[in-house]
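Colleague: Handing you this structure, nothing more for now.
The values are calculated or read from the model by the stated rules, or taken from the named source; none is laboratory data. No experiment lies behind these values; they were computed from the predicted model shown. Reconstructed Cβ throughout: ideal geometry from the backbone, glycine too, with neighbour counts over all protein chains shown. In case anyone asks, the SASA skips ligands and DNA or RNA and just uses the protein heavy atoms, side chains included. Shrake-Rupley method; radii C 1.70, N 1.55, O 1.52, S 1.80 Å.
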Amino acid sequence: MEEPLYRTITIYTLEEYQKYNKIIQNKLMKRPLILGGFMALCLLLALLIDDAPKVGIIIGVLLSPVIVPFINARMVKKAYKSNSLLQDTTSEFLFFEEHMEQHSSVGVSKVPYEKLYTILETPANFYMMVAKNQGFIIVKENCDPQLINFILGLKASPKTA
């Protein structure tokens, strides 16, 4: 059996799931751009329609940047709590030359690096995305420096950049 080059562990806590969801919404789904476009469209309609309750529409549009993240946070928490397979699951990630594997109580996943959709990076984590809305959380704090450099090398490759 082939020995992995690197190993790391991630515990899928609510906090990690919330960070993951936020990066997906903001970087891949472009939520701020969509919300800004929606706000501009509503303001434009309020100004163009004579009968429109302008004050109500303007207040609603101005409050939407506060309301939408609040609603999203509740939905994320509800989704996490409804999935017992995800809650506090410990996953071990093994990194090989050509692929990575995730081992957990749920099962084993094997993903060739060439099949990764992209790799997202934040100060705390890497997100190894297999689709626009599906991926693995790699907590940097649990990685040795060589693994971080390895993932950065993968991230810089044309397929996952």
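Colleague: Mind counting the residues in region 109-134 that are outside any strand (DSSP E or B) and either over 16 Å from residue 4 (Cβ atoms) or within 13 Å of the chain's Cα centre (by Cα) (or both)?
Modeller: 9
Colleague: Please give the number of the condition residue 27 fails out of (1) in contact with a strand residue (DSSP E or B) (Cβ under 8 Å, 6 or more places away or on another chain); (2) at pLDDT below 90; (3) not in a helix (DSSP H, G or I).
Modeller: Unmet for residue 27, out of (1) in contact with a strand residue (DSSP E or B) (Cβ under 8 Å, 6 or more places away or on another chain); (2) at pLDDT below 90; (3) not in a helix (DSSP H, G or I): (3).
Residue by residue, here is whether (1) free of Cβ contacts under 8 Å to residues at least 60 places away in the same chain; (2) charged (D, E, K, R); (3) out of contact with any helix residue (DSSP H, G or I) (no Cβ under 8 Å at 6 or more places or on another chain) holds:
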{"residue": "68", "(1), (2), (3)": "yes, no, no"}
{"residue": "80", "(1), (2), (3)": "no, no, no"}
{"residue": "83", "(1), (2), (3)": "yes, no, yes"}
{"residue": "86", "(1), (2), (3)": "no, no, no"}
{"residue": "91", "(1), (2), (3)": "no, no, yes"}
{"residue": "94", "(1), (2), (3)": "no, no, yes"}
{"residue": "100", "(1), (2), (3)": "yes, no, no"}
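Colleague: Oh, and also: Out of 80, 20, I need the residue that is modelled with pLDDT of 70 or more, touching a strand residue (DSSP E or B) at 6+ places or on another chain (Cβ under 6 Å), surrounded by 11 or more Cβ atoms within 10 Å (Cβ to Cβ) and under 30 Å from residue 106 (Cα atoms). Which one?
Modeller: After ruling out the rest, the residue left standing is 20.
Colleague: Which numbered condition in (1) open to solvent by 50 Å² or more (accessible area, probe 1.4 Å); (2) in a loop (DSSP other than H, G, I, E, B) is the only one that residue 67 fails?
Modeller: Just one mismatch for residue 67, condition (2).
Colleague: Go through (1) more than 23 Å from the chain's Cα centre (by Cα); (2) modelled with pLDDT of 70 or more for residue 48 and report which single condition fails.
Modeller: (2)
Colleague: Could you please tell me which pairs satisfy a Cβ distance under 9 Å, a separation of 6+ or placement on different chains, a first residue in region 109-120 that is at negative phi and in contact (Cβ under 8 Å) with a residue 12 or more places away in the chain, and a second residue that is open to solvent by 50 Å² or more (accessible area, probe 1.4 Å) and among the polar types (S, T, N, Q)?
Modeller: 117/134
Colleague: Of all the residues that make up region 86-108, how many are part of a loop (DSSP other than H, G, I, E, B), surrounded by fewer than 16 Cβ atoms within 10 Å (Cβ to Cβ) and not small (Gly, Ala, Ser)?
Modeller: Summing the residues that are part of a loop (DSSP other than H, G, I, E, B), surrounded by fewer than 16 Cβ atoms within 10 Å (Cβ to Cβ) and not small (Gly, Ala, Ser) in region 86-108 gives 6.
Colleague: Would you confirm whether or not region 141-157 contains a residue that is under 20 Å from residue 13 (Cβ atoms), open to solvent by less than 50 Å² (accessible area, probe 1.4 Å) and at pLDDT 95 or above?
Modeller: yes
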